[in-house]
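Data first, discussion second: the structure below is written as structure tokens.
The values are calculated or read from the model by the stated rules, or taken from the named source; none is laboratory data. Predicted model only: the values in this text are computed from it and were never measured. Here the Cβ positions follow ideal geometry from the backbone for every residue, glycine too, while neighbour counts run over all protein chains shown. When the accessible area is computed, the model is the full protein with side chains, heavy atoms only, and any ligands, DNA or RNA have been set aside. Shrake-Rupley method; radii C 1.70, N 1.55, O 1.52, S 1.80 Å.
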Amino acid sequence: MRGIMESLYEMFIFRRENKFLNNVDPRMKFLTLIILMTPIFLTMNPLFYMAMFLFLLFQTFTLANSRRIFFSLKGIVKLLIMFYIVIYIFNAYPNFLNLEAAYFSFISIFRFFLLVYMFTLFFTTTYIDDLAQALYKLKVPYHVAYALVLSVRFVPTVARDIIQIYDAQRSRGLELDKGGFFERLRKMLPILIPAFIISILRVDFVAEALESRAFGSSPKRTFMTELKLRKHDIVYILLSFAYVLTTYTLIEGEVPFLTWM
Amino acid sequence: METVIEVRNLSYMYPGGIVALKNVSLDVYLGEKLVILGSNGAGKSTLIKHFNGLLKPQRGYVKVFGVDTRKASVAELSRKVGIVFQNPYHQFFSEKVWDEVAFALKNFGYSEETIKYRVTKVLRLFDLYDYADKPPFELSSGEMRRLAIASILAYDPDIIVLDEPTVGQDRIQKEKLKEYIRLLSLQNKTIILVTHDIEFVTEGFDRIVVMSNGMIVGEGSPREILYDEELLRKANLILPQIPEIALKMGDSAVFKKKPLTEDELLSLIVDILGVRK
């Protein structure tokens with residue numbers, strides 16, 4: 001549990017880094033995310049998934065802080081292994097020695113993993129205020145954009161709270177890894193209840209802080225640093241699009257997006 | 001003196017790449033009242049989380065009563081080392097104050113009779129018995145902090161670690177806390193106080209360890225440490241008021257006596273002025 005929370009914390013905490021992906025316009029990054037995501041739903045070919053995985057790995061190593069991204073993924077991978085077991089049981093029932101079920105469960109998890117990887121890459125390299133601005137420029141009302149952004153902004157805060165609660169309860173002898181399934185579920189209560197209470201109390205603090213700084217008093221809003229499309233944003237999205245198009249066409253023998261329409 | 005906690009060459013780096021501890025070595029002795037002093041981010045909390053195995057050493061080792069923390073579970077170690085965390089909100093979940101105190105005792109498998117006896121005892125000790133049926137979140141912040149300490153003391157650990165217990169407390173609460181620490185010390189408990197509140201540690205403690213940037217930069221008696229202006233500055237701390245006033249007096253007697261309390265300072269002033277025969 002600590003591992004998963006630490007991963008979430010790393011994924012969503014803000015650190016300004018001078019890497020290529022961190023400097024790409026979030027609007028273009030989001031569009032690229034959609035371009036990368038769409039063909040994953042069009043095929044179940046593991047070869048194409050592998051090609052996408054290699055592309056993400058390439059981006060991680062050359063364009064982003066790879067250490068941080070891998071750490072963010074580490075906790076999630078543990079969860080995926082658990083999901084795999086559950087999916088396998090459902091797919092294989094009643095014959096539990098089932099190669100076909102193992103294969104399809106693997107493909108489903110691989111697909112899910114790729115999606116998680118893409119979102120990790122997006123969130124670890126995007127400054128949350130830029131995201132708010134990007135949404136605002138896409139004509140989303142600022143208070144709606146800000147509400148969305150706040151929910152992301154508080155992920156690391158809640159993750160840190162849960163780590164503290166987890167440590168405090170384990171220090172009082174709570175052993176989460178002992179007992180049967182329902183016993184373990186019951187043992188989550190001492191962790192979940194304080195987490196909920198702290199979060200609810202925080203809502204009040206945030207609301208007061210926002211109001212005291214005249215949030216929403218003017219419908220028009222300016223930003224300290226204006227987002228501007230630059231050449232490298234266009235190059236990034238075009239290259240990503242070209243990669244997806246080429247690999248999909250080569251592996252599947254048909255052009256994506258076109259056939260889809 | 002018997003060593004209860006032995007830390008050797010301990011290093012720890014957080015997943016984000018932040019180095020929290022660098023080659024830390026420390027001995028904690030039975031029955032002493034030790035202060036771990038340092039500014040925010042010095043590595044104090046990371047260090048104490050190694051004492052009951054919440055964090056396992058990445059380099060070096062930590063032994064508690066001779067047991068390597070890597071080879072014991074948090075539950076086993078917590079029976080010996082009770083950590084009272086900074087924010088009571090991070091632990092309360094029960095509907096009643098009574099259940100909150102009984103939680104650890106139930107986890108450790110004590111009998112109903114023992115639980116009843118110990119909870120009653122500790123609630124009375126901390127003036128919380130009248131609130132036994134109240135929800136913990138309805139208590140005042142001072143009472144909450146007392147409850148947090150009570151919930152640890154209930155299972156009677158030999159070593160009690162208090163993480164920043166003075167945060168958000170007024171002076172009356174701080175004086176009460178000091179009284180509880182003195183009481184625990186009388187029961188031969190080993191007390192480790194982690195704080196950045198330099199004024200709080202001028203009185204009632206045996207030894208101070210100063211941390212900065214994940215390292216121990218100084219260690220000694222309160223009188224030595226709290227008069228070491230250079231060391232404190234290095235650790236991003238400033239002199240407590242009494243030593244600061246005493247040093248400003250510039251009299252040679254100051255360095256001989258190094259007053260830490262109001263009474264000690266007053267007696268020094270009286271001596272210097274020659275009022276007292």
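Points worth noting:
- Ordering A:Thr124, B:Val201, B:Thr120 by Cα displacement along the dipole of the protein assembly as shown toward the positive end leaves A:Thr124 in first place; charges were set at the Cβ atoms of Lys, Arg (+1) and Asp, Glu (-1).
- Inter-label distance for B:Leu30 and A:Arg160, nm, one decimal - labels placed 7 Å from Cα along Cα-to-Cβ: 4.0 nm
- Inter-centroid distance (Cα atoms) of the stretch B:63-129 relative to the stretch B:148-162, Å: 6 Å
- Positive-pole candidate from A:Leu176, B:Ile245, A:Thr247, dipole of the protein assembly as shown, charges at beta carbon: A:Thr247
- Accessible area expressed per residue, chain B, with surrounding protein chains retained (probe 1.4 Å, Å²): 46 Å²
- Estimated translational diffusion coefficient (Stokes-Einstein, Kirkwood radius over Cα pairs, 25 °C, 0.890 mPa s) of the stretch B:62-105: 199 µm² per second.
- For chain B, built as a Gaussian network whose Cα springs stay under 10 Å, the top-fluctuating residue of B:Ile149, B:Ile172, B:Ile83: B:Ile172
- Relative contact order for chain A, counting Cα pairs under 8 Å that sit 6 or more residues apart, in percent: 33 percent
- Helix-derived mean residue ellipticity, 222 nm - over chain B, DSSP H n ≥ 4, -39500 (n - 2.57), to 500: -10500 deg cm²/dmol
- The protein assembly as shown, dipole about Cα centre (Lys/Arg Cβ +1, Asp/Glu Cβ -1), debye to the nearest 20: 980 debye
- Residue-averaged 222 nm ellipticity for chain A, from DSSP H runs of 4+ at -39500 (n - 2.57), nearest 500: -25000 deg cm²/dmol
- Within the stretch B:20-115, the GluC sites (Glu not before Pro) that combine a DSSP coil assignment with at most 14 other C-beta atoms in a 10 angstrom radius are B:Glu95.
- GNM top mover of B:Lys96, B:Lys256, B:Lys134 - chain B, alpha-carbon springs below 10 Å: B:Lys256
- In the stretch A:169-185, burial by the other protein chains removes 10 Å² or more of accessible area from A:Gln169, A:Arg170, A:Ser171, A:Arg172, A:Gly173, A:Leu174, A:Glu175, compared with the chain on its own (1.4 Å probe, ligands and nucleic acids ignored).
- Taking a straight line from the alpha carbon of B:Lys248, these lysines sit under 18 Å away, with near neighbours fewer than eight places off in the same chain left out: B:Lys256, B:Lys257, B:Lys258.
- Solvent-accessible area lost in complex, 40 Å² minimum, residues of the stretch B:1-33 relative to chain alone, 1.4 Å: B:Pro15, B:Gly16
- Of the solvent-accessible surface of the protein assembly as shown, computed with a 1.4 Å probe and all protein chains present, 60% belongs to carbon and sulfur.
- Dividing the alpha-carbon radius of gyration of chain A by the rule-of-thumb value 2.2 N^0.38 Å gives 1.17.
- Between the C-alpha center of the stretch A:129-167 and that of the stretch A:74-89 there is a gap of 27 Å.
- Among the listed pairs A:Lys29/A:Lys139; B:Lys49/B:Lys134; B:Lys106/B:Lys134, a Cα-Cα separation exceeding 23 Å is found for B:Lys49/B:Lys134.
- Relative contact order %, the stretch B:1-130, counting alpha carbon pairs below 8 Å whose residues are six or more apart: 20 percent
- Added length on full extension, which subtracts the Cα-Cα distance from 0.36 nm per residue, A:Glu175 to A:Glu226: 13.4 nm
- Equivalent ellipsoid of the stretch A:139-228: semi-axes from √(5λ) of the C-alpha gyration tensor, largest first, are 38, 14, 11 Å.
- Summed over the residues of the stretch A:1-91 and divided among them, the accessible surface reaches 49 Å² per residue at a probe radius of 1.4 Å.
- A cut-off of 5 Å between modelled amide H atoms, ignoring neighbours fewer than 5 places along the same chain, links B:Ala20 with B:Tyr12, B:Met13, B:Tyr14.
- Over the C-alpha trace of chain B, radius of gyration and Dmax come out as 20.1, 64 angstrom.
- Heavy-atom surface of the stretch A:139-228, accessible at 1.4 Å and reported per residue (Å²): 64 Å²
- Extending 7 Å from the Cα toward the beta-carbon at both B:Leu183 and B:Thr120 defines two label points whose distance is 1.7 nm.
- Residue-span extension gain [B:Lys256 to B:Asp130] - 0.36 nm each, minus C-alpha spacing: 40.5 nm
- When the protein assembly as shown is described by a simple charge dipole with +1 on each Lys and Arg Cβ and -1 on each Asp and Glu Cβ, the residue from B:Ser73, A:Pro46, B:Ile272 located farthest towards its positive end is A:Pro46.
- Computed on the Cα atoms alone, the convex hull of the protein assembly as shown gives a volume of 217 cubic angstrom per residue.
- Only Cα pairs under 8 Å and 6+ residues apart enter the sum, and on that basis the relative contact order of the stretch A:139-228 stands at 33 percent.
- Stokes-Einstein translational diffusion, the stretch B:5-155 - Kirkwood Rh over all Cα pairs, 1.306 mPa s, 10 °C, in µm²/s: 94 µm²/s
- Label reach from B:Asp170 (point 7 Å along Cα→C-beta): in the stretch B:114-145, amide nitrogens under 17 Å belong to B:139-145.
- Available extension along the chain between A:Asn98 and A:Thr249 is 51.2 nm, counting 0.36 nm per residue and deducting the alpha carbon span.
- Using a Förster distance of 60 Å, the FRET efficiency for B:Glu230-A:Ala242 (Cβ separation, nearest 0.05): 0.45
- Convex hull volume of the stretch A:101-155 per residue (C-alpha atoms, cubic angstrom): 101 Å³
- Accessible area buried at the A-B interface, both sides summed, 1.4 Å probe (Å², nearest 100): 2300 Å²
- Spin-label pair A:Met188/B:Ile238, simplified geometry with 7 Å Cα→Cβ offset, distance in nm: 4.8 nm
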